[in-house]
Amino acid sequence: MTDPLVDIRDLSLWYEKFKALDNISTSFSSGRCVVICGPSGSGKSSLLRCINRLEEFQEGDVLFEGQSLRECPNIAALRSNIGMVFQHFELYPHMSILDNITLAPRHAKGKSKADAEALAHTLLERVDIADQAKKYPAELSGGQQQRAAIARALALEPKLMLFDEPTSALDPEMIVEVLRVMRDLAKDGMTMLVVTHEMVFAREVSDEIIFMDDGKIVERKETDDFFSNPHSKRAQDFLDRILMKI
Amino acid sequence: MTLKYDFDWPMLLEDPYREWIIEGFINTVYLSLMAWGIALMIGIFIGTIRMTRSPMLRFIGTVYVEFFRNIPLLVQLFVWFFVFPLMLPHDWMMSWNRLPHVPFLTALLALSLFTAARVAEHIRSGISSIPKGQFDAATSSGLTQVQMYRYVIIPYAFRVMIPTIASEFLTIFKNSALTLTIGVSEITSAAKSIEAWSFHGIEAYSVASVTYMTTTATVVLFMGWLEHRLRIPGLIAKK
Ligand SMILES: Nc1ncnc2c1ncn2[C@@H]1O[C@H](COP(=O)(O)OP(=O)(O)OP(=O)(O)O)[C@@H](O)[C@H]1O
Ligand SMILES: [Mg+2]
């Protein structure tokens with residue numbers, strides 16, 4: 001195991017003329033759960049999407065297990081070690097849940113159909129929807145869909161899981177079931193980067209918290225420390241605002 | 001002066017008229033089905049490369065579509081029939097002309113390439129209608145671009161596009177009538193010959209019209225059934 005698992009060096013990202021990430025340097029170690037928070041438009045999604053090169057950054061580099069993403073000869077193979085979970089689930093609507101989960105293991109990782117399906121059933125059990133394998137995404141509730149999407153990401157047997165606001169599109173009672181799955185994952189030692197506004201989750205589950213604003217990391221602290229005394233005014237304001245809402 | 005016209009419907013069942021009608025019908029259906037199949041394959045390919053990141057591939061796709069879509073089909077038929085063989089090297093031209101069914105093959109070529117451009121446009125708009133997140137999900141899971149299109153994007157787009165693809169078959173089917181101009185013995189040309197031989201134009205063209213109408217209705221029914229079979233469970237009910 002290389003440490004750090006992810007090493008971000010002087011990373012900058014532009015969308016056309018707009019600088020969304022401004023010279024970010026940071027790193028993430030294996031086995032840790034890090035929550036990323038910050039106001040809308042601060043660059044949280046962009047940062048996550050650079051880590052598997054869903055966005056082609058213009059400056060700097062990201063090293064995954066020491067491998068430079070910029071110079072990676074086979075980016076698809078590298079991506080197949082990183083699971084990603086999206087706000088709107090993004091399950092493939094024309095495939096059953098089982099097929100959703102087995103697609104990448106079969107075609108990106110070269111698993112046999114039988115192995116991939118066995119793995120899928122184990123994972124569906126783990127996210128508590130073992131009985132939904134044959135159904136199609138639109139036949140599931142939002143919470144079930146997101147748990148299926150988590151199972152799909154876990155089917156890559158990833159070394160890192162990226163979550164981009166996984167509960168923002170869900171009703172409150174469904175948020176709980178998704179957060180429970182994520183908490184169990186963290187407990188099992190999965191390396192996780194989670195963009196979320198769920199501060200209860202952040203406080204209970206995460207090891208560290210990053211606060212972003214304006215394309216920069218304004219603050220990064222151990223979780224307990226962050227909640228007892230955030231340093232920057234912007235982080236304090238943000239926390240006040242978000243905790244007021246709850 | 002009164003207009004006098006003696007209807008003679010039973011004559012259509014006599015040879016040679018009966019034979020011409022059957023041959024015409026078979027040729028029309030053959031030509032349409034084959035052209036449709038080829039047009040789908042080429043169209044899916046061209047439509048997909050227009051959506052990739054490669055500027056070169058996108059350019060090739062655009063040139064293809066603009067070229068074949070903007071020249072009237074009748075002109076394309078004539079070009080393929082009269083001009084194209086002249087541009088071949090001499091021995092090639094000789095072997096081309098010696099092929100059996102040159103008009104049929106030419107018609108097939110012209111109809112396929114013309115319709116492929118239209119299919120490509122449908123595919124492109126079908127693919128554009130797919131949420132960007134689907135591409136992100138497939139890419140982030142380590143699928144290659146080709147795998148992503150093969151397993152996720154095209155099957156998805158295809159289901160969205162079943163009605164359009166069906167109507168493209170109907171268009172080919174009706175466009176195939178134009179091929180009589182280069183001597184394909186399809187159903188409209190059969191009607192024309194019957195009229196010329198028997199002077200019974202009403203009966204002759206009625207056969208052609210009824211053929212187009214019933215085939216169209218059959219295809220519409222079949223596509224409705226197919227659409228229902230391939231519908232994405234849960235998705236339609238929710239709309
Ligand atoms: N594809 C894009 N094209 C142009 N600008 C973009 C694109 N994606 C993001 N941006 C801009 O980049 C900035 C950072 O976006 P990003 O999505 O990373 O923010 P975020 O912190 O995830 O916000 P949110 O909480 O709203 O999801 C925003 O100002 C956004 O408008
Ligand atoms: Mg975001």
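Within the stretch A:34-48, if we keep just the residues that are over 17 Å from residue A:65 (Cα atoms) and not in a loop (DSSP other than H, G, I, E, B), the residue that is farthest from ligand 1 (Cβ to nearest atom) turns out to be A:34. Residue B:233 falls short on exactly one of the conditions (1) within 14 Å of chain A (Cβ to nearest Cβ); (2) surrounded by fewer than 18 Cβ atoms within 10 Å (Cβ to Cβ); (3) assigned to a helix (DSSP H, G or I), and that condition is (3). Looking at the stretch B:19-26, can you tell me whether even one residue there is touching a residue at least 12 places away in the same chain (Cβ under 8 Å), out of contact with any Cys (no Cβ under 8 Å at 6 or more places or on another chain) and over 30 Å from residue B:112 (Cβ atoms)? Within the stretch B:19-26, none of the residues are touching a residue at least 12 places away in the same chain (Cβ under 8 Å), out of contact with any Cys (no Cβ under 8 Å at 6 or more places or on another chain) and over 30 Å from residue B:112 (Cβ atoms).
Of the strands (runs of 3 or more DSSP E) lying entirely inside the stretch A:132-217, those containing at least 2 residues that are within 16 Å of residue A:87 (Cα to Cα) are A:160-164, A:192-195.
For first residues located in the stretch A:38-62 and more than 20 Å from residue B:141 (Cβ to Cβ) and within 14 Å of chain B (Cβ to nearest Cβ), partners that are within 16 Å of ligand 2 (Cβ to nearest atom) and among the acidic types (Asp, Glu) and lie 6+ apart or on another chain with Cβ distances below 9 Å do not occur.
Restricted to the stretch A:49-62, and to residues that are crowded, with 17+ Cβ neighbours inside 10 Å and in a loop (DSSP other than H, G, I, E, B), which residue is nearest to ligand 1 (Cβ to nearest atom)? So, considering only residues that are crowded, with 17+ Cβ neighbours inside 10 Å and in a loop (DSSP other than H, G, I, E, B), the one nearest to ligand 1 (Cβ to nearest atom) is A:55.
Is it fair to say residue A:30 is more than 10 Å from chain B (Cβ to nearest Cβ), outside any loop (DSSP other than H, G, I, E, B), more than 16 Å from ligand 2 (Cβ to nearest atom) and of a type in the set (Gly, Ala, Ser)? Taking the combined requirement at face value, the residue does not satisfy it. The criterion of being touching a residue at least 12 places away in the same chain (Cβ under 8 Å), more than 16 Å from ligand 2 (Cβ to nearest atom), among the basic types (Lys, Arg) and on the phi < 0 side of the Ramachandran plot holds for residue A:79. Report yes if some residue within the stretch A:74-95 is away from ligand 1 (no atom under 15 Å from the Cβ), more than 14 Å from every other protein chain (Cβ to nearest Cβ) and part of a strand (DSSP E or B); otherwise report no. No. If I filter the stretch A:63-73 down to residues being within 14 Å of chain B (Cβ to nearest Cβ) and either on the phi > 0 side of the Ramachandran plot or of a type in the set (A, V, I, L, M, F, W, C) (or both), which single residue comes out as surrounded by the fewest Cβ atoms within 10 Å (Cβ to Cβ)? Top of the filtered list is A:72.
If the condition is being buried (at least 18 other Cβ atoms within 10 Å of the Cβ), in contact (Cβ under 8 Å) with a residue 40 or more places away in the chain and within 16 Å of ligand 1 (Cβ to nearest atom), then the stretch A:169-196 contributes A:193, A:194, A:195, A:196. Return yes when residue A:175 is away from every other protein chain (no Cβ under 14 Å) and either within 16 Å of ligand 2 (Cβ to nearest atom) or β-branched (Val, Ile, Thr) (or both) and no when it is not. Yes; evaluated as a whole, the condition is true for this residue. How about the stretch A:197-216: which of its residues are closer than 16 Å to residue A:47 by Cβ, of a type in the set (Phe, Trp, Tyr) and away from ligand 2 (no atom under 16 Å from the Cβ)? Across the stretch A:197-216, there are no qualifying residues.
Results for (1) in contact (Cβ under 8 Å) with a residue 12 or more places away in the chain; (2) under 20 Å from the mean Cα position of the chain (by Cα), shown as yes or no for each residue.
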residue	(1), (2)
A:115	no, no
A:131	no, no
A:137	yes, no
A:166	yes, yes
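Residue check: residue A:24 meets all listed conditions (1) away from ligand 2 (no atom under 16 Å from the Cβ); (2) of a type outside the set (Phe, Trp, Tyr); (3) within 12 Å of residue A:9 (Cβ to Cβ) but one, namely (1).
Yes/no per residue for (1) touching a residue at least 40 places away in the same chain (Cβ under 8 Å); (2) under 30 Å from residue A:101 (Cβ atoms):
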{"position": "B:122", "(1), (2)": "yes, no"}
{"position": "B:134", "(1), (2)": "no, yes"}
{"position": "B:144", "(1), (2)": "no, yes"}
{"position": "B:191", "(1), (2)": "yes, no"}
{"position": "B:199", "(1), (2)": "no, no"}
{"position": "B:202", "(1), (2)": "yes, no"}
{"position": "B:210", "(1), (2)": "no, no"}
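Within the stretch A:228-246, residues that are under 17 Å from residue A:196 (Cα atoms) reach partners that are modelled with pLDDT under 85 with beta carbons closer than 8 Å, at six or more positions or on different chains, in the pairs A:236/A:230; A:239/A:230.
Residue A:12: within 16 Å of ligand 1 (Cβ to nearest atom), of a type in the set (Gly, Ala, Ser) and modelled with pLDDT under 95, yes or no? Spelling it out, it is not the case that residue A:12 is within 16 Å of ligand 1 (Cβ to nearest atom), of a type in the set (Gly, Ala, Ser) and modelled with pLDDT under 95.
The values are calculated or read from the model by the stated rules, or taken from the named source; none is laboratory data. A quick note: this is a predicted structure, and the numbers were derived from the prediction, not measured. Note: ideal-geometry Cβ built from the backbone for every residue, glycine included; neighbour counts use all protein chains shown.
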